[in-house]
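Worksheet: one structure, shown below.
Every read-out reported here was derived from the displayed coordinates using simple, explicitly stated rules and does not represent laboratory data. Only a predicted model underlies this, so the values are computations on that prediction, with no experimental measurement involved. Here the Cβ positions follow ideal geometry from the backbone for every residue, glycine too, while neighbour counts run over all protein chains shown.
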Amino acid sequence: MSELRLGEIVGAFGLIVTIGTFLNFYYKTRHNYEALQERVAKIEEFVKQENLIAATMQAVLHDMMISKYQVYMGSGSILMMERHNLTRIYEQYKAFGGNGTIDKYYQELMALPTKGD
């Protein structure tokens with residue numbers, strides 16, 4: 001009879017260890033999941049901020065191109081240095097996802113005669 005009791009005790013102990021191991025795994029997994037959710041939320045916020053910055057830069061570059069268009073089309077010519085600068089502004093505007101509204105202005109500016117720097 002004592003052997004039977006010993007077997008029951010060993011079996012119960014094994015069950016307790018198994019349950020403990022499972023619960024430990026569950027809590028660690030849950031903690032890791034919650035930590036992962038926090039990191040994902042931070043990354044999403046970072047991406048949101050980056051998109052806002054990109055949209056702002058695109059708007060600023062758009063405004064710069066329109067302002068320069070008005071100035072240089074009014075004068076009828078463009079400085080060589082400014083032509084280079086406009087190309088850089090235009091390329092960055094397009095890199096930030098700028099659409100085709102500035103394309104026409106850029107082409108007209110590049111067609112202007114160049115005056116010496």
Practice problem: Would you mind computing, in nm to one decimal, how far apart the modelled labels at R83 and T18 are, each placed 7 Å from Cα along Cα→Cβ? | Solution: 8.3 nm
Quiz item: FRET efficiency for A54 and Y27, Cβ-Cβ distance as r, R0 = 41 Å, nearest 0.05?
Solution: 0.50
Quiz item: Could you give the dipole magnitude of the range 2-115 about its Cα centre, charging the beta-carbon of Lys and Arg +1 and that of Asp and Glu -1, in debye to the nearest 20?
Solution: 340 debye
Quiz prompt | Hull shadow area, averaged, the range 2-115 [alpha-carbon convex hull, nm²] | solution = 10.6 nm²
